[in-house]
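**Q** Before anything else, here's the structure in question.
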């Protein structure tokens with residue numbers, strides 16, 4: 001990276017990462033997802049980015065790592081180290097509010113907030129809000145949607161199918 005004593009390399013790296021999109025849900029950035037756990041400027045003038053996968057078998061993590069490294073190198077960071085941390089495990093609580101809005105606008109129901117809904121005790125699925133029409137009359141079609149981290153639902157009012165980004 002070019003030496004500019006006024007520029008904070010960690011903040012500059014964070015700005016760059018705000019443009020790195022998730023390959024499976026391209027409206028979300030790695031920052032929206034909350035998978036960037038830490039950014040460190042090391043003594044040897046290298047940048048380390050610590051990421052946590054949304055789940056341990058996520059097939060997109062290799063692509064995300066390559067995209068992070070490429071964006072940072074394109075942004076002027078010559079030496080980039082990407083480290084994967086599995087603990088603590090990623091949780092949908094780490095999704096940003098902006099990311100939740102982007103999911104809804106893209107037609108994917110964002111993870112529902114934790115609730116005291118007693119349906120979980122009987123194995124019933126609680127009603128989710130349809131991202132298309134806003135109805136809460138929805139039903140589970142399949143526990144896995146377009147990717148393993150999503151479930152497939154259908155709205156009983158507008159009849160449109162939609163993915164639900166599962167909580168974990």
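The values are calculated or read from the model by the stated rules, or taken from the named source; none is laboratory data. Bear in mind that the values here come from a model prediction, so they are computed numbers and not experimental data. In this analysis, Cβ positions are derived from the backbone assuming ideal geometry, glycine residues included, and neighbour counts consider all displayed protein chains.
**Q** Are any residues in segment 36-64 under 13 Å from residue 13 (Cβ atoms) and in contact with a helix residue (DSSP H, G or I) (Cβ under 8 Å, 6 or more places away or on another chain), and if so, which ones?
**A** Selection gives 36, 39, 40, 41, 47, 49, 51.
**Q** Among the numbered criteria (1) assigned to a loop (DSSP other than H, G, I, E, B); (2) modelled with pLDDT of 95 or more; (3) under 26 Å from residue 151 (Cα atoms), which one does residue 37 miss?
**A** (1)
**Q** Does residue 4 count as exposed (fewer than 13 other Cβ atoms within 10 Å of the Cβ), modelled with pLDDT of 95 or more and outside any helix (DSSP H, G or I)?
**A** no
**Q** Let me spell it out: the conditions are (1) under 21 Å from the mean Cα position of the chain (by Cα); (2) at pLDDT below 90, and residue 119 meets all of them except one. Which number is the exception?
**A** All conditions pass for residue 119, except number (1).
**Q** Only residues that are surrounded by 15 or more Cβ atoms within 10 Å (Cβ to Cβ) and either without any contact (Cβ under 8 Å) to a residue 60 or more places away in the chain or not in a loop (DSSP other than H, G, I, E, B) (or both): list them for segment 47-59, please.
**A** Listed by number, the residues that qualify are 47, 48, 49, 50, 51, 52, 53.
**Q** Considering only segment 12-23, state which residues are over 17 Å from residue 150 (Cα atoms) and outside any strand (DSSP E or B).
**A** Scanning segment 12-23 gives 12, 13, 14, 15, 16, 17, 18, 19, 20.
Rundown of residues vs (1) part of a loop (DSSP other than H, G, I, E, B); (2) within 27 Å of residue 110 (Cα to Cα), yes/no style:
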site: 25; (1), (2): yes, yes
site: 63; (1), (2): no, yes
site: 73; (1), (2): no, no
site: 89; (1), (2): yes, yes
